[in-house]
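Taking it in order: structure first as structure tokens, then the write-up.
The values are calculated or read from the model by the stated rules, or taken from the named source; none is laboratory data. For clarity, every value in this text was computed on a predicted model and none was experimentally measured. For accessibility, only protein heavy atoms count, side chains too; no ligands or nucleic acids. Shrake-Rupley method; radii C 1.70, N 1.55, O 1.52, S 1.80 Å.
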Amino acid sequence: MHRRVVSLAVLAAIALPAAVGAAHGPPPEYLGARQVRTVSEDPADWTPHILDGEVHALAVVGETVVVGGDFTKVADSTLEQEYDRAHLFAFDLRTGAVLDFAPVIDGMVLSLAAGPGGTVFVGGPFEEVGDADVRGIARLDLATGGLVEGFDASINWGDVRGLAVSGGWLYLGGSFSAVNGVERLGLARLDALTGEVDPWFDPRLEAPEIGRVKVEDIAVSPEGDRLLAVGAFTRAGRARRVQAAMFDLTGDNPARAADWWTDAYVPLCREGFDTYVRAVDFSPDGEYLVIVTTGRLSGVDLTCDTAARFETYATGRVRPTWVNHTGGDSLYAVEIVGGAVYVGGHQRWLDNPYGMESAGPGAVERPGVAAIHPVTGMALPWNPTRSRGVGVRAFAITPLGLLVGSDTDELGREYHGRVGLFPRTD
């Protein structure tokens, strides 16, 4: 996959006036925040294993878990039976049994989303599915592994790395510049059944200071009324929106940037990043969201290598409610569930605003996977650990607990090849 990396240095000249502090600290009413329940630190023993490569995406469709990434072989939970599965496979949520679902895709899978009627949407830089020319986006039948008839969509080039389904629409974000021949820079909305591009939804993302638009991730609020896109862009239509843009999907023009903006991601991280924002998730009640970043830099007034909470329905200039720093290590994934904010990457610490590739005052060890209190913004005691590698790229919540996908094979001090599940404790 081609990934163009453009320096962010030019943004320094156009930075907004105020830098973002670390955490502002919880307001007084937060100080009595209740204890948060987390999932177990002991992973389930019955999940299958991926034997090579890495996981980039997870989706739960009914009782089926779909896993996407850049891999070629998987095995059952006992490691006795191996299966050829290139870029995509599925297993039973309850038993961990590897399913027959084995589409032939000629490139890695970067994103997944549950579709209607036992189907799954698949995004990436691929150009063929089976014998069909299908570029970047496909809808597959979980029963047959084949393309779903009637859904016809294709990007012009680049990739699809963010997918979300809401209200009969499929939202996709990535590095493309057109879908079905219709110009859409990095963000589009399609009919989830037909793949037809919505002619009324054109956010007109731009990145004149960076070079090329690339949306790293998208999330739609549980109520379906807000969309947040994060990535390499500095404008949405006429509005200045640096690396994060909110859209009010209930408004007269849902493609117009909402009156919600932040300058938290204007300050530079280390040179060479076209964007350092990596993932976003809304809370189950939709009242807040959390963004995680890379950046290879640490500082109390920076949002590089951090997790940061923002209030969804705030207006105007929105500052983070809190920021939790790793001290220079990347975070790539976030999932908010059960009152906890789960983050994953290749981090060694949290609560580390004064560390730089080191443990500063107050830092706590949280290798590879961690949980943050949603109110205080501080690390929770939950600390199963994992072998760090490049990092966790994907989470997914299920009725049984929290799924984790990465590029390493130790999770909770046990062997779990690149995918595992932390069970619920209630």
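Convert 10 °C to kelvin, take the viscosity as 1.306 mPa s, use the Kirkwood radius over C-alpha pairs of the range 208-279 as Rh, and evaluate the Stokes-Einstein diffusion coefficient in µm²/s, rounded to a whole number.
The calculation lands on 125 µm²/s.
Leaving out ligands, DNA and RNA but keeping every protein chain, what accessible area does Val98 have, in Å² rounded to the nearest 10, with a 1.4 Å probe?
Roughly 20 Å² of Val98 is accessible to a 1.4 Å probe.
At a temperature of 4 °C and a viscosity of 1.567 mPa s, determine how fast the range 325-364 diffuses translationally according to Stokes-Einstein, using the Kirkwood radius over alpha-carbon pairs as Rh; express D in µm²/s, rounded to the nearest whole number.
Result for D is 124 µm²/s.
Taking the full set of protein chains and a 1.4 angstrom probe, give the accessible area of Met356 in square angstrom, rounded to the nearest 10.
70
To check my understanding: the extent here is largest minus smallest coordinate of the Cα atoms along each principal axis. What are those three numbers for the range 162-215, in Å, largest first?
36, 20, 15
At 25 °C and 0.890 mPa s, what whole-number value in µm²/s does Stokes-Einstein give for the translational diffusion of the range 120-276, with Rh from the Kirkwood sum over Cα pairs?
D, rounded to a whole number, is 155 µm²/s.
Could you go through the range 301-317 in sequence order and give the Karplus-derived ³J(HN,Hα) for each residue, using 6.51 cos²θ - 1.76 cosθ + 1.60 with θ = phi - 60°, rounded to whole Hz, and x for Gly and Pro?
Once θ is set to phi - 60°, the couplings for the range 301-317 become 9, 10, 10, 5, 6, 9, 10, 9, 9, 10, 8, 4, 9, 5, 10, x, 6 Hz.
Under the classification rounded if a/c is under 1.5, otherwise prolate if a/b is larger than b/c and oblate if not, where does the range 351-393 fall, given a ≥ b ≥ c as square roots of the Cα gyration tensor eigenvalues?
It comes out oblate by the Cα gyration axes.
Quick one, what does Rg over Rh come out to for the range 79-149 if you take C-alpha atoms and the Kirkwood Rh?
Answer for the range 79-149: 0.96.
Mind grabbing the accessible area of His87 for me, 1.4 Å probe, Å², rounded to tens?
About 30 Å², rounded to the nearest 10.
Which whole-percent values make up P(r) of the chain when all C-alpha to C-alpha distances are grouped in 20 Å steps starting at zero?
Binned Cα distances yield the sequence 28, 60, 11, 0.
Which cross-chain or sequence-distant (5 or more) residues have an amide H under 5 Å from the amide H of Val179, H modelled 1.01 Å from N in plane?
Excluding prolines and chain starts, which carry no amide H, the hits are Arg184.
Is the shape of the range 320-426 rounded, prolate or oblate, going by the alpha carbon gyration tensor and its root eigenvalues a ≥ b ≥ c, with a/c under 1.5 for rounded and a/b larger than b/c for prolate?
Taking the square roots of the gyration eigenvalues as a ≥ b ≥ c, the range 320-426 is oblate.
Determine the distance separating the Cα centre of the range 113-182 from the Cα centre of the range 250-265; give it in Å without decimals.
Centre-to-centre (Cα) distance: 26 Å.
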